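To keep things clear, I will list the structure first and then write my remarks on it.
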Amino acid sequence: MTYTKKDLISTKDLSKDDIYSFLNLAKEYKKLNLEPVKKDPILKGVTVVNAFFENSTRTRTSFEIAGKRLGADTINFSSSTSSTNKGETLIDTINNIEAMKTDVFIVRHYSSGSAQFVAKNTPSCVINAGDGCNEHPTQALLDLLTIFESKGSFENLTVTIIGDIFHSRVARSNIYAMQTLGIKVRLFGPPMFMQNAEIFGCEICRDMDEAVRGSDAIIMLRIQLERSDGEVAFPSVREYSKYFGLTKRRLEVAKDNVIILHPGPINRGVELNSDVADDPRISSILDQVENGVAIRMAVLKTVYQNKFKA
Ligand code: CP
């Protein structure tokens, strides 16, 4: 393993070797996760806190499973039932939990930059589980593992990310990691979700046919209304689905072996039709979820061990 930090905040911090090291370790854990006894108790005695200030199904559950499979004690902190509702600050909350001698914080928060802010204010390890529109590094790593397993290599790959690019931390973390790996990344979405998209240095597609054609993998994104300040950013769901949704018919121009990814949760019939989402020949969505546990085991083990290295 080449990664040396005690935190994982951004895929911008990952070299090509770091990414491969995480994927290789995750592949080992994926094998372990198929065993009857799914345990590598390397984190026995370690306390991992899921500090979630925003809703989650996949990330929170998979970090909890990952911690338990590594032998850690895992604690779920939920902001909705906590004293943050009485005005306690983020750092006061973290410091008070840490006073109970915890070791690792998994931070999900609605504010961009919050995971970095926590990491700077605690000696504990911090893993960014999604901070506002900013980043979601373990999602990018599990997406990369899913693509690697399907394609066998990252050489000469074109990955297209479609949808609400503007608000997407998944898009950002994937773009940074994929560019580090030399993957060609293309972007497509409605104009209101493509603001400033040129700053990423990716090719911008003009329509859905162009976005689908030539892609080895397509990452579909949900419209993130929770980050739009309640504004309706497009005229209608039906119109969005017509121009930006992925259906079997849309895939007629796709490569034969294209795979479809989606970080979840899916809005069926909006960005993705069930005829695509539920077809295991093209949909890698549940593979992503399976890979999420293995990736999070690899990240937890690595950052915790890094804390004790010079
Ligand atoms: N992909 C993802 O972050 O899903 P959750 O919001 O359910 O964790």
For the pair Glu35/Asp73, report the inter-label distance in nm, with labels modelled 7 Å from Cα in the Cβ direction.
2.5 nm
Under a 1.4 Å probe, what is the accessible area of the chain per residue, stated in Å²?
44 Å²
In nanometres, the difference between 0.36 nm per residue of separation and the alpha-carbon distance of Lys120 and Asn257 is 45.0 nm
If a/c stays under 1.5 just call it rounded; otherwise compare a/b with b/c (prolate if a/b is bigger, oblate if not). Do that for the chain, with a ≥ b ≥ c from the square roots of the Cα gyration tensor eigenvalues.
prolate
Within the range 195-273, list the trypsin sites (Lys or Arg not before Pro) lying in a DSSP loop whose Cβ has at most 10 other Cβ atoms in a 10 Å radius.
Arg206, Arg249
Around Phe52, which amide H atoms from residues at least 5 apart in sequence, or from another chain, sit under 5 Å from its own amide H, with H modelled in the peptide plane?
Phe77, Ser79, Arg108
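Can you give the FRET efficiency for Lys27 and Lys5, using 1/(1 + (r/R0)^6), R0 = 25 Å, r = Cβ-Cβ distance, to the nearest 0.05?
For R0 = 25 Å, the calculated efficiency reads 0.70.
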Model label zone, Asn96; criterion: amide N under 12 Å from point 7 Å along Cα-to-beta-carbon; scope the range 34-76:
none
Between Glu149 and Met192, what is the spin-label point distance in nm, taking each point 7 Å from the Cα along the Cα→C-beta axis?
3.7 nm
Stretch Ser83-Lys184 to full length: gain in nm at 0.36 nm per residue minus the Cα-Cα span?
31.9 nm
Please list, in order along the range 47-54, the HN-Hα scalar couplings obtained from phi with the Karplus expression 6.51 cos²θ - 1.76 cosθ + 1.60 (θ = phi - 60°), rounded to whole Hz, x for Gly and Pro.
10, 10, 10, 7, 9, 10, 9, 8
Here the gain from full extension of Asn267 to Val237, 0.36 nm per residue of separation minus their alpha-carbon distance, amounts to 9.8 nm
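List the pairs from Lys6/Lys309; Lys27/Lys255; Lys6/Lys38 whose alpha-carbon separation is above 18 Å, in the order I gave them.
Checking Cα-Cα distances, Lys27/Lys255; Lys6/Lys38 exceed 18 Å.
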Defining a contact as two alpha carbons under 8 Å apart and six or more residues distant in sequence, what relative contact order in percent does the range 145-291 show?
25 percent
Share of carbon and sulfur in the accessible heavy-atom surface of the chain [1.4 Å probe, %]
50 percent
For the range 292-303, take each phi angle, set θ = phi - 60°, evaluate the Karplus expression 6.51 cos²θ - 1.76 cosθ + 1.60, and give the result in whole Hz per residue in order, putting x for glycine and proline.
x, 5, 5, 4, 6, 5, 5, 6, 4, 4, 5, 5
Could you work out how far apart the two model spin labels at Arg227 and Lys44 are, taking each label as a point 7 Å from the Cα in the direction of the beta carbon, and quote it in nm?
4.1 nm
Enumerate the calculated ³J(HN,Hα) couplings along the range 128-134 in order (Karplus 6.51 cos²θ - 1.76 cosθ + 1.60, θ = phi - 60°), each rounded to whole Hz, writing x wherever the residue is Gly or Pro.
6, 9, x, 10, x, 8, 7
Proportion of all alpha-carbon pairs of the range 246-308 beyond 18 Å (%):
47 percent
Do the alpha carbons of any pairs in Lys16/Lys248; Lys68/Lys120; Lys30/Lys184; Lys5/Lys31; Lys12/Lys242 sit beyond 32 Å of each other, and which pairs?
Lys16/Lys248; Lys12/Lys242
So who's got an amide H within less than 5 Å of the one on Ile161, skipping anything under 5 residues away but keeping other chains? H placed 1.01 Å off N, in plane.
Arg186, Leu187, Phe188, Ile219
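The values are calculated or read from the model by the stated rules, or taken from the named source; none is laboratory data. Treat the numbers as computed from the prediction; the structure is a model and nothing was measured. Please note: Cβ atoms are built from the backbone with ideal geometry, for glycine as well, and neighbour counts cover all protein chains shown. With ligands, DNA and RNA removed, areas are computed over all heavy atoms of the protein, side chains included. Shrake-Rupley method; radii C 1.70, N 1.55, O 1.52, S 1.80 Å.
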